[in-house]
1. Bin width 5 Å, origin at 0, all Cα-Cα pairs of region 5-84: what percent of pairs per bin?
2. Pop out the ³J(HN,Hα) list for region 20-36 in order, Karplus 6.51 cos²θ - 1.76 cosθ + 1.60 with θ = phi - 60°, rounded to Hz; leave Gly and Pro as x.
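Derivation of every value follows stated rules applied to the coordinates shown; laboratory data play no part. Note that the structure is a prediction, hence the values are computed from the model and not measured.
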Amino acid sequence: MLDIRTPIGVMFTLLGGILTVYGLIADEEIYERSLGININLWWGIVMLVFGILMLLLGRRHASAMRSSDNSVEGRKTEEREHRTGLEHEPPRRGH
C-alpha cells in the first residue's frame with residue numbers, strides 16, 4: 001500500500017530543489033520589489049525540507065507495517081473472519 005506522504009514528499013522535494021537552484025542562480029535585480037529578499041531561495045529551502053520530511057515519515061511508516069501473521073491482533077482478526085465467513089480470497093488467475 002502506498003503511503004500518501006511518499007508522492008507528496010517527491011513532489012515537494014523536486015519543486016523545492018528546482019526553486020532553490022533558481023533562487024541561487026537568478027539575477028539579484030528581480031528581488032528589488034521584495035525588499036531584496038530572495039523569495040525563491042527561501043521558499044525553495046522550505047519546500048525542500050518539507051519534502052524530505054514527508055519522504056522520511058513515509059519510509060518510516062512503511063517499515064513499521066507488519067503482516068497480519070506477525071501480530072497477535074492480526075491473527076485474532078484472521079481467526080474471527082474465518083469463523084464468521086468474512087474472509088475474502090482473491091480470485092486465482094487462469095482458472
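1. Pairs per bin, as whole percents: 3, 15, 14, 12, 9, 9, 8, 6, 6, 5, 4, 4, 3, 2, 0.
2. 3J(HN,Hα) across region 20-36, in whole Hz: 5, 4, 4, x, 6, 9, 6, 5, 5, 5, 6, 9, 5, 5, 9, 6, x.
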